[in-house]
Amino acid sequence: MNAENREMVGGTRDKKRGHPLLRWSTKQETFSHGFSQSDLQALSAICEAIMPPVPLLSLDLDMKLKVLRNDALLSFFKSSGSHVRPDEVAEVMATKAMPVTVTVVRIVLRLLTFRLGTLLLCGFVCLDKKNWSFLLLKFSDISLEKREKVLQKWNKQWYNPLARIAFMMIKAIFLFYYFTWTNENTENPAWDAIGYKVDIGENEDIERKQRPLEKGIIETAKEDEATIKQLMINKGLKLKEDKESNTFKIECDAVVIGSGCGGGVAAANLAKSGLKVIVVEKGNYFVPQDYSTLEGPSMFEMFEANGLLMTHDGRFRFMAGSTLGGGSVVNWAASLKTPDAIIEEWSVDRGIATFAREGYTAAMESVCKRICVTDKVIREGFQNQILRKGCEKLRLDVTVVPRNSSEEHYCGSCSFGCKTGDKRGTDITWLVDAVDNNAVILTQCRADKLIFAETESGRRKKRCLGVTVSISNTTINKIEINAKVTVVACGSLMTPGLLSSSGLKNPNIGRGLHIHPILMAWGYFPEKNSNFNGAAHEGEIMTSLHYVFEIDSTTPNITLETPALGPGTFAALIPWVSGKDIKERLAKYSRTSHIFVMVRDEGVGEVKGGIVKYKLTKADEENLTTGLRRALRILVAAGAEEVGTYRSDGQRLKCDGVKEEDLEKFLETVDAPAGVVSMSRRWTHSFTAHQMGCCRMGATEEEGAVDGYGESWEAEGLFVCDASVLPTALGVNPMVTIQSTAYCISKRLAELMMKKKQD
């Protein structure tokens, strides 16, 4: 492979900007988006209306003075969305977003290129009344002021779903790109204006040559067919080549599909027992010096579906890791143990053997020890200070969040990979244990189909013989990995698809999805007269937590914590009510603190054919509302100048001099809005980072997709070892629970396999 190609897939790295895959390409001149020039003209016209130039005279006095003192901010308010090349926005949309939403955008843009289509979507605003003949104008010819009014109508029109979905998608993609794109010097002009800083320099504390998985990993994207084959042989794999079908056949004791919280733990336990283990991972391998901390390319490279997979109604966007180490690499380090009430419910009420208290409690201790969990905090960041202070003012309990990082950790970019190397994901813990015990890891390797054989006897009708996988950049047609046991750990969004597409029929596969739905409240804390130092994007992401109710098996669990929101995600999620408003919001970005409410959901969803359907119950919506109101009270108590929610109408309250009765009236208007695809004038778009269920454990085949030890009810030798096996929603951040569950399943499996070998 030549030097240029090796640079693109991970051979050479720029010391100051991280891995090439984790930074923007600055030389793109050809595009594959498929939008016509007329479509792009309409897209540019929409982007300009989303972010128009804002006259200083229209700003209030405080903002006007702030702008006049800051040249970057002055330039920001004068600029417009038309300065961004529509080709680039279109390319991001076409290549990264969900195909169904891209189709909606294409339809709307195409209609706007015609006069009659513009009339259909925009109404009589497209009439040119200055012309005696009342000529119809296409969208791009309408004045900027009128285009902005059109977008405001689309934002509210429940009866015009095409326009509203297209508006939401264009607004989200455009603003995300606007605030994450960087030039060849890794600069974005808007960052100075909004007070955002990103550490892109080399971390001197990390040995640059250190790649702890090097001896066991085969990074297939960097190799050709011959070297992949030789590397497999060198690492002790038994390899056969079927030239007729152009298939490589590999033999091992155990194949683990996925390398996150479930797969990483399973691989370690199986390898440590002396078994030959192969780990299959579709993502790439990165180490701390690779991380660029750049929000846009990091999101697209390290998250499932580029971080843009949504529920069918657009209400929630999924954040799920898709890199070596999975979610443990990009999560927020919260390491809470499984609550006692949940262990009781799963082990006693549901009869799931894995959660028997003594063994499971010991597993949690082993997990916390391996990933170095601490509950000590030396220094809290801006948002956590505010959550803690607000709770103390209201005399509410606030607790420390245990984390799998040191007490000195102060990294605000862990959601894009921890650049300090301090967060202990599976890539620097369990997978290292696996490789140290001769496991082999294949990256950029996608599992296609599980291999089954019919059984003549036994409780299960099938026997799993392994999996076929594919590597995209070689002439190898496929690789067949034959194993005594197969462990699927692709996560709750991907595991069901692999099982069902391989022919399994259990009706619980793909159903029973829980997502810990989240809604956010925000508070603005200007620097003047403030006791809180720093910026919203700085410092450890989670160190403070408030439970609205004590956790037990019957009380709804409502948790308040703080999120990581880069400027791109912030801009994509916040409500858009006008061009002026969006710019003012972004100008306040660095001092806008967030608290999110997370509930243990009763509602369930399903994953089928790449579409995720999910519906909250009435109780879930009530619990989200309760938590959101509590979060707003905390922000007000902490001294916010203004607070609000993420409802599409820009719901907010000025806090200066607000009376208790005024606050109560405002809180009564706070609710849990529906998604963008709803029959509602007001909607919201939020995110969720915890996906559970879809292949849940059950005491019987009717109750679950796998038994109480993680083995498929349909296929002997097939185990599921990730968050999809959890019987219900958990109610707290799930990393320790997933790892502890995987620990129990894989430890027992390893013991059984070793016993068989001895027999």
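The values are calculated or read from the model by the stated rules, or taken from the named source; none is laboratory data. Since the model is a prediction, treat every value here as computed from it, not as a measurement. Please note: Cβ atoms are built from the backbone with ideal geometry, for glycine as well, and neighbour counts cover all protein chains shown. The accessibility values were calculated without ligands, DNA or RNA, using every heavy atom of the protein model including side chains. Shrake-Rupley method; radii C 1.70, N 1.55, O 1.52, S 1.80 Å.
Helical content of the chain, expressed as a calculated mean residue ellipticity at 222 nm, amounts to -10000 deg cm²/dmol (DSSP H runs of 4 or more residues, -39,500 (n - 2.57) each, divided by residue number, nearest 500).
Within segment 666-728, which GluC sites (Glu not before Pro) sit in a loop by DSSP and count at most 11 neighbouring Cβ atoms inside 10 Å? Can you show the working numbers first?
Working: sites: GLU668, GLU701, GLU702, GLU703, GLU711, GLU714, GLU716; in loops: GLU701, GLU702, GLU703, GLU714.
Here the GluC sites (Glu not before Pro) that fit, given the DSSP loop and packing criteria, are GLU702.
Per-peptide packing, taken as the mean over residues of other Cβ atoms within 10 Å, places 353-364, 635-646 in the sequence 635-646, 353-364 from highest down. Ligands, DNA and RNA are left out, and with a 1.4 angstrom probe the accessible area of the chain is 40 Å² per residue. Summary of packing: across the peptides 216-226, 90-100, 446-456, the per-residue average of other C-beta atoms within 10 Å ranks them, highest first, as 216-226, 90-100, 446-456. Between GLU660 and ALA226, the simple label model (points 7 Å from Cα in the Cβ direction) yields a spacing of 8.1 nm.
Taken along the Cα-to-beta-carbon direction at a fixed 7 Å, the label points for GLN210 and GLU344 span 4.4 nm. Among 151-158, 506-513, sorting by the average number of other beta carbon atoms lying within 10 angstrom of each residue, highest first, gives 506-513, 151-158.
Which entries in LYS229/LYS757; LYS197/LYS337; LYS222/LYS478; LYS156/LYS197 show an alpha-carbon gap greater than 26 Å? Intermediate results must be reported in sequence, preceding the final value.
Details: LYS229/LYS757 28 Å; LYS197/LYS337 34 Å; LYS222/LYS478 17 Å; LYS156/LYS197 35 Å.
Among LYS229/LYS757; LYS197/LYS337; LYS222/LYS478; LYS156/LYS197, the Cα-Cα distance tops 26 Å for LYS229/LYS757; LYS197/LYS337; LYS156/LYS197.
The listed residues LYS608, LYS229, LYS757, once ranked by accessible area (1.4 Å probe) with the largest placed first, stand as LYS608, LYS757, LYS229. Summarising the label geometry, the points placed 7 Å from Cα in the beta-carbon direction at ASP199 and ASP242 lie 5.1 nm from one another. Run down the aspartates and glutamates and flag those whose C-alpha is under 15 Å from the C-alpha of LYS461, throwing out any fewer than 8 positions away in its chain. Straight-line reach from LYS461, under 15 Å: GLU701, ASP707, GLU711, GLU714, GLU716.
For mean projected area of the Cα convex hull in nm², the candidate list reads [x] 41.5; [y] 33.7; [z] 58.1; the entry that matches the value derived from this model is [y]. Calculated FRET efficiency, GLU358 to ARG115, Cβ-Cβ distance, R0 = 56 Å: about 0.15 to the nearest 0.05. Starting from 0.36 nm per residue, how many nanometres of slack lie between GLU365 and ASN529 once their C-alpha separation is accounted for? Here the segment from GLU365 to ASN529 would lengthen by 54.6 nm. Dipole magnitude for segment 72-227: computed about the Cα centre from +1 point charges on Lys and Arg Cβ and -1 point charges on Asp and Glu Cβ, it is near 1520 debye. Here segment 524-674 exposes an accessible surface that is 46 percent carbon and sulfur, computed with a 1.4 Å probe and the other protein chains kept in place.
Using 0.36 nm per residue and subtracting the Cα-Cα separation, the extra length available between LYS78 and LYS756 on full extension is 236.8 nm. Can you flag which of LYS588/LYS615; LYS153/LYS588; LYS78/LYS393; LYS249/LYS272; LYS64/LYS96 are past 29 Å Cα-Cα? Cα-Cα > 29 Å for LYS588/LYS615; LYS78/LYS393; LYS64/LYS96; rest within. Solvent exposure of TRP181, expressed as accessible area, is near 80 Å², computed with a probe of 1.4 Å over the protein chains only.
Taking 45 Å as R0, compute the FRET efficiency from the Cβ-Cβ separation of ASN482 and THR103 and round it to 0.05.
Details: r = 40 Å, r/R0 = 0.90.
Rounded to the nearest 0.05, the efficiency is 0.65.
Where nothing but the Cβ of Lys and Arg (+1) and of Asp and Glu (-1) is charged, how large is the charge dipole of the chain around its Cα centre, in debye to the nearest 20?
Working: 96 positive and 94 negative charges, 260 e Å.
Charge dipole of the chain: 1260 debye, to the nearest 20.
ASP60 to ARG459: extension gain in nm, 0.36 nm per residue of separation minus the Cα-Cα distance?
Working: separation 399, 0.36 × 399 = 143.64 nm, distance 7.30 nm.
Length difference between fully extended and current span is 136.3 nm.
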